[in-house]
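Enquirer: This structure is in structure tokens; I'll ask about it shortly.
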Amino acid sequence: MSRIGKLPIPIPAGVTINIADDSVTVKGPKGELKRSLPAEMKIAMEGSNLVVTRPSDNNKHRAYHGLTRTLLANMVEGVSKGFEKTLEIMGVGYRAEKTGDKLTLRLGFSHQVEVKPMPGITLAVEGNNKIKVSGINKEDVGQMAAEIRALRPPDHYKGKGIRYTGERVHIKPGKTGKVVGRQ
């Protein structure tokens, strides 16, 4: 039995779940998410918990068991609490500004970079160098944060660039110069 798949998903107050044939709709205080899941997995409500069971020990069913449970748990958490990722901008002259719903970044290029958020994602700027990406869908929040980080990933020689909060960047030593006076 899957260690993750067999865990029940607790349903917080204010969250409603509608289970159709192969799709699940989760509504909560933050919004609504709908997703189609593998039809082989059995999803049932048992009291105030959501339980996922598999029909057999077939490799395909075993693979889908934990995946289905995790996707459902992320949907429930997203509509009740939401997800958030924080990015830091490091570097002299590097900064972020919020203009309308867009994000304007100055990252050492000859031009400014504008980032438009995906639907359902909100971008916020704290100070000049912190960007908060938040939303109810965990996949979209992670994708948006990765796209922003990819604009100027951390440099391994000077440490400049965009990184996740708490991300450790190993700084490499630079080249050693030519020694003067030796022959």
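The values are calculated or read from the model by the stated rules, or taken from the named source; none is laboratory data. Everything numeric in this text was worked out from a predicted model, so none of it was measured. As a convention, Cβ positions derive from the backbone with ideal geometry for all residues, glycine included, and neighbour counts pool all protein chains shown.
Enquirer: Among the residues of the stretch 74-110 satisfying the criterion of being under 25 Å from Glu32 (Cα atoms) and β-branched (Val, Ile, Thr), which is surrounded by the most Cβ atoms within 10 Å (Cβ to Cβ)?
Expert: For the stretch 74-110, the residue satisfying everything is Val79.
Enquirer: Examine the stretch 146-155 for a residue that is aliphatic (A, V, I, L, M) and in contact with a Ser or Thr (Cβ under 8 Å, 6 or more places away or on another chain), and state whether such a residue exists.
Expert: The answer is no; no qualifying residue exists.
Enquirer: Taking the stretch 78-94 as the search range and keeping residues that are in a loop (DSSP other than H, G, I, E, B) and not aliphatic (A, V, I, L, M), which one is farthest from the chain's Cα centre (by Cα)?
Expert: Gly93
Enquirer: Considering only residues of the stretch 122-143 that are without any contact (Cβ under 8 Å) to a residue 24 or more places away in the chain and closer than 17 Å to Glu88 by Cβ, which is nearest to the chain's Cα centre (by Cα)?
Expert: Across the stretch 122-143, the extreme among qualifying residues is Glu126.
Enquirer: OK, next. Would you confirm, using the coordinates I've provided, whether His61 is without any contact (Cβ under 8 Å) to a residue 60 or more places away in the chain and closer than 20 Å to Leu7 by Cβ?
Expert: Here the answer is yes, as His61 does meet what is asked.
Enquirer: Let me ask something else about it. Regarding the stretch 54-65, can at least one residue be identified that is outside the structural domain of Lys34 (by TED's automatic domain parsing), more than 21 Å from Val26 (Cβ to Cβ) and modelled with pLDDT under 95?
Expert: no
Enquirer: A further question on this structure: Taking only pairs six or more apart or across chains, which ones have beta-carbon atoms under 7 Å, a first residue in the stretch 90-112 that is in the same structural domain as Ala145 (by TED's automatic domain parsing) and on the phi > 0 side of the Ramachandran plot, and a second residue that is surrounded by 10 or more Cβ atoms within 10 Å (Cβ to Cβ) and part of a strand (DSSP E or B)?
Expert: Partner pairs satisfying both residue conditions: Gly91/Gly161; Gly93/Arg106.
Enquirer: Shifting gears a bit: Give me the residue from the stretch 4-15 that is more than 23 Å from the chain's Cα centre (by Cα) and exposed (fewer than 13 other Cβ atoms within 10 Å of the Cβ) and, out of that set, farthest from Leu33 (Cα to Cα).
Expert: Ala13
Enquirer: Separate question: Pairs, please: C-beta under 7 Å, at least 6 apart or cross-chain, first residue farther than 11 Å from Ile43 by Cα and in the stretch 3-28, second in a strand (DSSP E or B) and hydroxyl-bearing (Ser, Thr, Tyr)?
Expert: Hits for this filter: Lys27/Thr16.
Enquirer: Return only the number of the condition from (1) within 22 Å of the chain's Cα centre (by Cα); (2) not in a loop (DSSP other than H, G, I, E, B) that Met118 does not satisfy.
Expert: With respect to (1) within 22 Å of the chain's Cα centre (by Cα); (2) not in a loop (DSSP other than H, G, I, E, B), Met118 is out only on (2).
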